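The values are calculated or read from the model by the stated rules, or taken from the named source; none is laboratory data. What you see is a predicted model; the values in this text were computed from it and never measured. Don't worry about glycine lacking a Cβ; one is built from the backbone with ideal geometry, like all the others, and counts go over all protein chains shown.
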Amino acid sequence: MIIKGKAIKFGNNINTDVILPGKYLELIDPKELAKHAMAGIDPDFPDKVSDGAVLIGGKNFGCGSSREQAPIALKYSGVKCVLAEYFARIFFRNCINIGLPAIECENISKNIEEGDSISIDLEKGIIRNETQDKSFKTNPIPEFLMSILQKGGLIEYLKKGD
Amino acid sequence: MNIFEKILARASGKKIVEPNEIVEANIDMAMMHDLTGPLTIDSFRKIGVKKIWDPERIVTIFDHLVPANTIRAASLHKTIREFVEEQNIKNFYDIGHGGICHQVFHERGHARPGELIVGADSHTCTYGALGAFATGIGSTEMAAVLATGKMWFKVPKEIKIEVSGKFRNLVTPKDLILYVIGEIGEGGATYMGMEFVGEAIDEMSIDGRLTICNMAVEAGAKTGIVPADNKTNEYVKERTDRPFTLVKSDTDAVFEKIVNVDASYIVPQVACPSSVDNVKPASDIETEVNQVFIGSCTNGRMEDLRLAAKILKGKKIKPGVRMIVTPASQDIYTRAMKEGLLEIFVNCGGVVTNATCGPCLGGHLGLLASGEVCLATSNRNFIGRMGSPKSEVYLASPATAAASALAGKIIDPTLQ
């Protein structure tokens, strides 16, 4: 699975309350949730990523509440993959479970600038910054998580696994 | 093995497990609430399984938007009620019958030492106070648990928090956990299990243990735990008929990290905007407050309300300050009423609400306007958490909150 997109960058400790503020948790339609992605920190975010983007986070990305609505809002706003130094664990699981690739890579935020063209080979665990002509190796996603991602998320995985 | 390894080994049918190993474990109990339930139900239907794995092991509690504040919230509640009936879920706590999920769950006997518990809410780690391995998950994962009763876990490394000494007067378990998070940082325990041990923990009440385990996730931990002792045994036995075993770390268990704290040196702590690890002594802060919130799954229990009432009794909160007090459950509400605590809160100028998550998540009451400041006994002070992205939240103990409501600014209750 190869993913391509322009980088949009955030700092450390981006929590799920800023990714999707609590007042939007009543919404169910993913497209409605997407309109409020990153509302707590960058209200213009959905416009910036609507053509497809790779989100770059720092340390502890997605900390806080277990709200799955946070990664859903990101996915449906146009984010194709989230790269971070490391994730808060519930957010990481939620991403994989809804079929949004989430990859940990040390020092990633130092090596990617906002707007850089990024391509990611999920199976090989290779991230390429095409703008800066640099490549990085990440820990490949464990096989069984990869198969969940390839099916498009945990629901599809369980459906076809029956 | 340490306590986390022992519980995961038992739940996955193995003799031994090691950190970073991935195991598939059988879930003992699962919990969902009114904001994560509808998405769970939607995902469950998509999986295509007709019946949930075990109606006795699912607990459903309404607490985030109760009573419903919008037609949308009412519809979410309706969806869950229909599911509960269809699936014959017995442990259902509707509006007026329960309160905050992280109080009701164990108060009604659904948490037992040594069990593996998951909940569709990040503060599920609270039940670690009773010696269980309890952790938060998302809605889709909960749907998979409803369908299969199983979930994969990466065995966590352990961070051990050893707390010696005795707390000073008006210094509380909340001050301890804020201090610890300030020391290790917001991501300081990411993916790890946090075990609390030592003299101060042995002496600590169940209410206090629930407070410290509740906030383990604020340091990124997978769960917090206090090994079960006689106090736990007594609390749980009164509430359940199911058998359980008290689990402890072996003496030769391996820990990734040990943090030593002397409780007698801790002074009242405050987490300043906008991260939980931005912790300072309360005496260093003189910020004026517009609102004080005493409640939440962190600090809305009897011990918390008694402490706040002791400070507020016969006094008036500073004019211009709003104070909201939220007992964590219907049971606590009733007990606080009988003890005369609610009367104290109302007489000093506070508002007492029904048992709900309420202001903590900026959902349906007590929201903040731009430029306003709230001192809360809850667990998160993120940007916009309680309302406007331009409002600010400080976190502290019920003692600090009550004393600050009287002063109209954040103060150290021990210096009054």
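Against the numbered list (1) surrounded by fewer than 24 Cβ atoms within 10 Å (Cβ to Cβ); (2) within 26 Å of B:Lys6 (Cα to Cα), B:Val84 comes up short only at (2).
Scoring B:Gly128 on the criteria (1) over 20 Å from B:Asp250 (Cα atoms); (2) in contact (Cβ under 8 Å) with a residue 60 or more places away in the chain leaves a single failure, condition (1).
Of the strands (runs of 3 or more DSSP E) lying entirely inside region B:1-100, the ones with 2 or more residues being over 25 Å from the mean Cα position of the chain (by Cα) are found at B:22-26. The set of residues from region A:32-60 being touching a strand residue (DSSP E or B) at 6+ places or on another chain (Cβ under 8 Å), within 14 Å of chain B (Cβ to nearest Cβ) and either over 15 Å from A:Ile72 (Cα atoms) or free of Cβ contacts under 8 Å to residues at least 12 places away in the same chain (or both) comprises A:Gly57, A:Gly58, A:Lys59, A:Asn60. Per the conditions (1) touching an Asp or Glu at 6+ places or on another chain (Cβ under 7 Å); (2) under 17 Å from B:Thr135 (Cβ atoms); (3) assigned to a helix (DSSP H, G or I), the sole criterion not satisfied by B:Arg209 is (1).
When B:Asp34, B:Asp63 are checked against the criterion of being under 25 Å from A:Leu27 (Cβ atoms), of a type in the set (D, E, K, R) and within 11 Å of chain A (Cβ to nearest Cβ), B:Asp34 stands alone in meeting it. Counting only strands (runs of 3 or more DSSP E) that sit wholly inside region B:245-292, those with at least 2 residues that are modelled with pLDDT of 95 or more and more than 22 Å from the chain's Cα centre (by Cα) are B:257-262. For the residues B:Ile311, B:Ile383, B:Ile344, the requirement of being closer than 23 Å to B:Tyr179 by Cα, crowded, with 21+ Cβ neighbours inside 10 Å and over 16 Å from the mean Cα position of the chain (by Cα) singles out B:Ile311. Those strands (runs of 3 or more DSSP E) of region B:109-164 in which at least 1 residues are surrounded by fewer than 24 Cβ atoms within 10 Å (Cβ to Cβ) and more than 10 Å from every other protein chain (Cβ to nearest Cβ), considering only elements entirely within it, cover B:116-119, B:150-154, B:158-164. Here A:Glu123 fulfils each of the conditions (1) free of Cβ contacts under 8 Å to residues at least 60 places away in the same chain; (2) away from every other protein chain (no Cβ under 14 Å) apart from (1).
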